[in-house]
Amino acid sequence: MTLDGLTLYHLPTCLFCWRVRIAAGRLGLKLPMKNLMLSPAAHSELVHEGGKMQVPCLRIEEGENVRWLYESADIIVYLKKRLSNG
Ligand SMILES: N[C@@H](CCC(=O)N[C@@H](CS)C(=O)NCC(=O)O)C(=O)O
């Protein structure tokens, strides 16, 4: 399944990113992703809009607001909460 408004900024070599991707897979969730290795534009968005160069980071669009959630453990908690809220 998918959830609206989510994009995972990641690096394929990052174990913390894998942790999130594996958790999402176990939850049956397909997360749209941006690979910073392939996209300088995504890298720039993360640093300038998110505030720092750290992956994984989940970009969350909530209506007109956007927030950037760092930390793999916090991202996984957020995804579980979103799924349990329907
Ligand atoms: N505590 C963070 C650690 C994340 C982390 O260390 N990510 C590394 C990549 S594995 C990172 O973004 N480093 C900054 C850089 O590559 O410039 C988490 O669990 O998400």
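The values are calculated or read from the model by the stated rules, or taken from the named source; none is laboratory data. These numbers were taken from a predicted model, which means no experiment stands behind them. Backbone-built Cβ (ideal geometry, glycine too); neighbour counts: all protein chains shown. Only protein heavy atoms, including side chains, enter the accessible area calculation; ligands, DNA and RNA are left aside. Shrake-Rupley method; radii C 1.70, N 1.55, O 1.52, S 1.80 Å.
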Need one word for the chain: rounded, prolate or oblate. Basis is the Cα gyration tensor (sqrt eigenvalues a ≥ b ≥ c); a/c below 1.5 gives rounded, then a/b vs b/c decides. oblate
Which of GLU45, GLU62, GLU71 moves most in a GNM of the chain, Cα contacts under 10 Å? GLU62
In Hz, Karplus ³J(HN,Hα) per residue of the range 42-55 (6.51, -1.76, 1.60; θ = phi - 60°; x = Gly, Pro): 5, 4, 5, 4, 4, 5, 7, 8, x, x, 7, 8, 8, 10
Using the heavy atoms of the protein chains alone and a 1.4 angstrom probe, what is the accessible area of the chain per residue in square angstrom? 61 Å²
Just LEU58, LEU11, LEU27 to compare: in a GNM of the chain, with alpha carbon springs under 10 Å, which one fluctuates most? LEU27
Calculate how steeply helix 15-26 sits against the longest principal axis of the alpha-carbon atoms of the chain, using the helix alpha-carbon long axis, and give the answer as 0 to 90 degrees to the nearest 10. 30 degrees
Dipole of the chain, positive direction: furthest Cα of ALA42, LEU58, GLY25, with charges on the beta-carbon: GLY25
Express the carbon and sulfur contribution to the solvent-accessible surface of the range 6-84 as a percent, rounded to the nearest whole number, probe 1.4 angstrom. 56 percent
Taking only Cα atoms and a 10 Å spring cutoff, compute GNM fluctuations for the chain and point out the largest among GLY50, GLY63, GLY25. GLY63
Report, in deg cm²/dmol and to the nearest 500, the calculated mean residue ellipticity at 222 nm for the chain, where each DSSP H run with n ≥ 4 adds -39500 (n - 2.57) and the sum is divided by the residue count. -10500 deg cm²/dmol
To check you understand DSSP bridge types, tell me what percent of the beta bridges within the chain (both residues inside) are antiparallel, rounded to 5. 75 percent
Helix 72-84 versus the longest principal axis of the chain: what angle, 0 to 90°, nearest 10, using Cα atoms? 40 degrees
Given unit charges at Cβ for Lys, Arg (+) and Asp, Glu (-), the dipole magnitude of the chain about its Cα centre in debye, nearest 20, is 420 debye
Once amide H atoms are built 1.01 Å from N in the peptide plane, which residues 5 or more positions from CYS57, or in another chain, come under 5 Å H to H? TYR9
